[in-house]
1. Carbon and sulfur atoms: what percent of the 1.4 Å accessible area of the chain do they account for?
2. Can you run phi through the Karplus equation (6.51, -1.76, 1.60; θ = phi - 60°) for region 7-12 and list ³J(HN,Hα) in whole Hz, with x for Gly and Pro?
3. With +1 on each Lys and Arg Cβ and -1 on each Asp and Glu Cβ, and nothing else charged, work out how big the dipole of region 137-244 is about its Cα centre, in Debye to the nearest 20.
4. Where in the chain is the longest stretch that carries no trypsin sites (Lys or Arg not before Pro) classed as loop by DSSP and with at most 16 other Cβ atoms within 10 Å?
5. Suppose the chain between Asp167 and Arg254 were pulled fully straight at 0.36 nm per residue; how much longer would it get relative to their current alpha carbon spacing?
6. Restricting to Cα pairs below 8 Å that are 6+ residues apart, what does the relative contact order work out to for the chain? Please round to a whole percent.
7. Any idea of the accessible area per residue across region 1-47, 1.4 Å probe, to the nearest Å²?
8. How many nm separate the modelled label positions at Glu313 and Asp265, each set 7 Å beyond the Cα in the direction of the Cβ?
Amino acid sequence: KIYRASTTAPVNIAVIKYWGKRDPKLNLPTNSSLSVTLSQSDLRTHTTASCSPKYTCDSLLLNGSPQDVSGARTQACFRELRALRKKLEAENFSLPPLSTYPLKIVSENNFPTAAGLASSAAGFAALVRAIANLYELPSTPTELSKIARQGSGSACRSLFGGYVGWDKGTAVDGSDSVAFEVAPASHWPNMRAVILVVSAAKKGVSSTTGMQTTVATSSLFPARANETVPKRMKEMENAIKNKDFETFGKVTMRDSNSFHATCLDTEPPIFYLNDVSRAAIKIVEGINCAAGKTIAAYTFDAGPNAVIYYLEEHENEVAGLFKAMMGEKEGWEGARGKAVQANHE
Ligand code: DP6
């Protein structure tokens, strides 16, 4: 017999960036972060988890190619989910012993994995939720976020839809380093994001390696983690609560720039932005200047691709203009997303 469950998890793009770990094993961050979860239909990972006494070993297929499951991150997720299932089985003897069967995970992204579009976030969130569904765990998204975080830090935020925070927590065991809902997507439903795929090439320095080097060498970093981000987290939460795009946009752009400044201040320096990224920044500045207020906000993760947040009513001035200016250039592709409620199947 084969037991099976499927789920999807959306991509999230941080407006206050996670960069730096206080515990690399448990993926405990040096600062809290905040993101917007993007529309599932546009950018998401679909995952089916199955288990059977007939399978010979744990396996993971991503977009059709076999992945190594022996890595510490995947193993941590499997181990924690199995432990929760084991507990259920111990409480209810009629349950089949799924915790003892090998797992088979089949994942598909509907966006280019190599493009650095937060694929690990959607990937681990979907993996954790698919197995939790398979095991019929009664866990809440908050509890699952603790497990997904061990797969990839940013994955913990993809367990929620809408506007999501990740509290850095203070406990050494990571028990309070969890994702939480700042506001549901329905609170500010006209938020939109356009993603400009500047380069679909795999990023130069992985976020895991990059952030460790930044923590170890950047002298700008302590101020960012201890002063700048805590202040901005509050400003951002208030901006979202008040649907204040002016503040939301300004803080988003400043935080992206602060994060990339610590990258440049890393030894050896890390460059994620390229000339096309900087051209995108200039265009956003032009759009806001012409509008006389902030109607577009850029942010960049660990790569050159730009994510531009804007409100639906400014579709033409923002997405339309980007399309007109960049759409014809080679290497530019647009992927559109909107903030939606994650679907807890
Ligand atoms: C720049 O979550 O990919 O996108 O925990 O090592 O897997 P690991 O890192 P990851 O880092 C994401 C960094 C970021 C900012 C963010 O998403 O908050």
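1. 55 percent
2. Going residue by residue, I get 7, 10, 10, x, 6, 10 Hz, with x marking Gly and Pro.
3. In total the dipole reaches around 380 debye.
4. Here the longest run is 55-201.
5. Values: separation 87, 0.36 × 87 = 31.32 nm, distance 2.01 nm.
Length gained, Asp167 through Arg254: 29.3 nm.
6. On the way: 744 pairs, mean separation 80.2, N = 345.
23 percent.
7. For region 1-47, the per-residue accessible area is 29 Å².
8. Label at Glu313, label at Asp265, 3.8 nm between them.
The values are calculated or read from the model by the stated rules, or taken from the named source; none is laboratory data. This structure is a prediction, so every number in the text was calculated from the model and none was measured. Note: ideal-geometry Cβ built from the backbone for every residue, glycine included; neighbour counts use all protein chains shown. Keep in mind that these areas ignore ligands, DNA and RNA; they rest on the heavy atoms of the full protein, side chains included. Shrake-Rupley method; radii C 1.70, N 1.55, O 1.52, S 1.80 Å.
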